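K.L.:
Below is the structure I would like to discuss, written out as structure tokens.
The values are calculated or read from the model by the stated rules, or taken from the named source; none is laboratory data. Keep in mind the model is a prediction, meaning the values are calculated, not measured. With ideal geometry, Cβ positions are generated from the backbone for all residues, glycine too; neighbour counts draw on all protein chains shown.
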Amino acid sequence: MPNVQCRKHSRMPAASAHSPLDISHSPFDKPLLEARGLVKKFPGVTALRAVAFDLRPGEIHALCGENGAGKSTLIKLLAGIHAHGSYEGELRVNDHAVAFHSIRDAEAAGIAVITQEFALIAELSVAENIFLGRAPRCGPRGLRVDWLEMHRRAAVLLADFGLAIPPELPVHELGIGQKQLIEIVRAIDKQSRVLVLDEPTAALSEHDVAVLLEHLRRLRAQGTACIYISHKLDEVFALADRITVLRDGASIVTLATRDTTIPAIIKHMVGREISDLFPRRSVAASASEPILSVRALTAAPAKNTPPFLRDITFELRPGEVLGFGGLRGAGRTELRMHLFGAWGHRVSGEVTLRGQPFPAPTPREAISRGLVLVSEDRKRFGLVLPQPIGFNLSLSSLARFTRTPPRWRGLWAGLYARQLALIDAPAEHDANQHFFTSLRIKAPDQHTRVGGLSGGNQQKVVLGKALMTEPAVVLLDEPTRGIDVGAKLEVYKLINRLTTEGKAVIVVSSELPELMGMSDRIIMLTAGRIGGAFARAAFSQEKLLAAAMGRGAAQRGE
């Protein structure tokens, strides 16, 4: 960063608190944003079918629907990504027809969109990303970037969100949840009249979610309108004034939140009743010896650094689902990555798998020993998006299908197996087809590009890739992140099927209802330690949150 100092600027006033908007008595009767009869077609697919939608000033309006319902397509029309002329129907802002040909056109009309795909530049700092394209200037004719003012304003925004992140820190050093919050901070600071948030809390902890929701309420009190898209219906009902449900590209119903219920919204979304979102398993966990045992595990980020994980002890038995929860930074990610061999240096402690010592492995060794990880960031760590479904399904199991001449074994086989046509293609195809069919992946065939699938179907591919390795222990990190209610139910049923087959499952989730609904036991982490361990009979959100905040270590509940 250049060593240039410029004048200081006055701090922007902070937002004030408020009471929720009462739509029935709202002074804002005229829509700020309106969609009339939107129809969007792609080759062979009609993504939107005469969608009608309106947004009032100072309103938080939720869009709900399964993946593939048309939510993302509608957002892209509002954001100018799908340009005017590529669709039928009309968009209106302040009762005037608008024609957005680019994202810049939408932003000029006061519409800011935060999508699920990060738009951050990893090599730039947090401050540079927040003020990208609108950096404060100083000097003659404003030719120089005012670095001091940029970092000062960034620090104010970050502190307002409760984020202890240095403004000069490169974005590539942030975790996925922190990146999501930076995206939100940047959009909110643009002071747009309409803020569109697509799954903004999918990667956030309970604490970060609470901070974000409070900020959105403050913005609502100031007259900012929000379109809020989330599969977390408890958040929707805690925040939104109205809810519009999309299904199969059509707008089904728009309801005031206070006049409906979560079961009613789910029924509109999926077109059927879902009586139990967390189906119970038909068999209990095995009483046999633990399949995974962790004793007094202490691990540091690297050699010669202070330990972060301290004295972690637990056991996992065949047929059991063990849930791990905690606030952001509690150590959930570090623990599952360490067990998989992808994080940290083991300082002390003992881990056994299937009764045998399991020293700090590499991911390849972990998979070969029967432990597999499904990462929360499926697009970055779980899938090769330009490749077909079949390619991705067998990616971690190629050794099963490789026929390599003896002189080529080792490095050559791993690097050039596909190029040298050493894959037993018929056997690979048959194995892929088994998982493609049994997981009910919604696609024409296994040759479909995985990047074009919905989030729920992409998650099925990641799960199929893990299961093809024939694991004994499956680590699931945020397994339902960013997928709809119907797809979540299918994932839960798959977890139950795994335990019925005698596999053991560890579920890491930021959603307490999900942990409580699927787990036999729950361990809450806090600051790298176990804050509390609870059997199903002792589950309660109050106890779990207390343990996550370091106030429940004595509550074992077993």
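K.L.:
Among the residues of region 141-169 satisfying the criterion of being under 22 Å from E214 (Cα atoms) and part of a helix (DSSP H, G or I), which is farthest from the chain's Cα centre (by Cα)?
P.N.:
Applying the filter and picking the extreme gives R153.
K.L.:
Identify, please: which residue in region 80-124 is among the hydroxyl-bearing types (S, T, Y) and farther than 22 Å from P200 by Cβ and is, among those, surrounded by the most Cβ atoms within 10 Å (Cβ to Cβ)?
P.N.:
Y87
K.L.:
Something else now. G502 passes all but one of (1) modelled with pLDDT under 85; (2) of a type in the set (G, A, S); (3) over 27 Å from M269 (Cβ atoms); which number fails?
P.N.:
It is condition (1) that G502 fails.
K.L.:
Next question, about the same structure. If I filter region 259-276 down to residues being within 24 Å of the chain's Cα centre (by Cα) and modelled with pLDDT under 80, which single residue comes out as surrounded by the fewest Cβ atoms within 10 Å (Cβ to Cβ)?
P.N.:
My answer is D276.
K.L.:
From (1) farther than 30 Å from T73 by Cα; (2) surrounded by fewer than 17 Cβ atoms within 10 Å (Cβ to Cβ), pick out the condition that doesn't hold for L498.
P.N.:
(2)
K.L.:
Which of the numbered conditions does H172 fail, given that it passes all the others? Conditions: (1) touching a residue at least 24 places away in the same chain (Cβ under 8 Å); (2) more than 19 Å from the chain's Cα centre (by Cα); (3) outside the structural domain of P263 (by TED's automatic domain parsing).
P.N.:
(2)
Listed here are the residues, each with its yes/no results for (1) buried (at least 19 other Cβ atoms within 10 Å of the Cβ); (2) more than 20 Å from E334 (Cα to Cα); (3) not polar (S, T, N, Q).
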position	(1), (2), (3)
L353	yes, no, yes
T362	no, no, no
A366	yes, no, yes
V372	yes, no, yes
I389	yes, yes, yes
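K.L.:
Here's something else I'd like to know. Looking at region 226-242, is at least one residue at pLDDT 85 or above, part of a helix (DSSP H, G or I), β-branched (V, I, T) and under 30 Å from G331 (Cα atoms)?
P.N.:
Checking region 226-242: at least one residue is at pLDDT 85 or above, part of a helix (DSSP H, G or I), β-branched (V, I, T) and under 30 Å from G331 (Cα atoms).
K.L.:
Answer yes or no: is there a residue in region 129-143 that is surrounded by 21 or more Cβ atoms within 10 Å (Cβ to Cβ), under 29 Å from E206 (Cβ atoms) and of a type in the set (S, T, N, Q).
P.N.:
Taking every residue of region 129-143 in turn, at least one turns out to be surrounded by 21 or more Cβ atoms within 10 Å (Cβ to Cβ), under 29 Å from E206 (Cβ atoms) and of a type in the set (S, T, N, Q).
K.L.:
Hey, can you tell me all the residues within region 446-482 that are of a type in the set (D, E, K, R) and in contact with a Pro (Cβ under 9 Å, 6 or more places away or on another chain)?
P.N.:
R449
Yes/no matrix, rows are residues, columns are (1) modelled with pLDDT of 80 or more; (2) aliphatic (A, V, I, L, M); (3) farther than 27 Å from L246 by Cβ:
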{"residue": "G464", "(1), (2), (3)": "yes, no, yes"}
{"residue": "A487", "(1), (2), (3)": "no, yes, no"}
{"residue": "V507", "(1), (2), (3)": "yes, yes, yes"}
{"residue": "R536", "(1), (2), (3)": "yes, no, yes"}
{"residue": "L544", "(1), (2), (3)": "yes, yes, yes"}
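K.L.:
Let me ask something else. Residues that are without any contact (Cβ under 8 Å) to a residue 60 or more places away in the chain and either assigned by TED's automatic domain parsing to the domain that holds L212 or over 28 Å from S540 (Cα atoms) (or both): list the helices (runs of 4 or more DSSP H) wholly contained in region 316-401 that include at least 2 such residues.
P.N.:
363-369, 389-393
K.L.:
Sticking with this one: Can you confirm whether region 213-220 contains a residue that is closer than 14 Å to N129 by Cα, without any contact (Cβ under 8 Å) to a residue 40 or more places away in the chain and either of a type in the set (S, T, Y) or touching a helix residue (DSSP H, G or I) at 6+ places or on another chain (Cβ under 9 Å) (or both)?
P.N.:
There is no residue in region 213-220 that is closer than 14 Å to N129 by Cα, without any contact (Cβ under 8 Å) to a residue 40 or more places away in the chain and either of a type in the set (S, T, Y) or touching a helix residue (DSSP H, G or I) at 6+ places or on another chain (Cβ under 9 Å) (or both).
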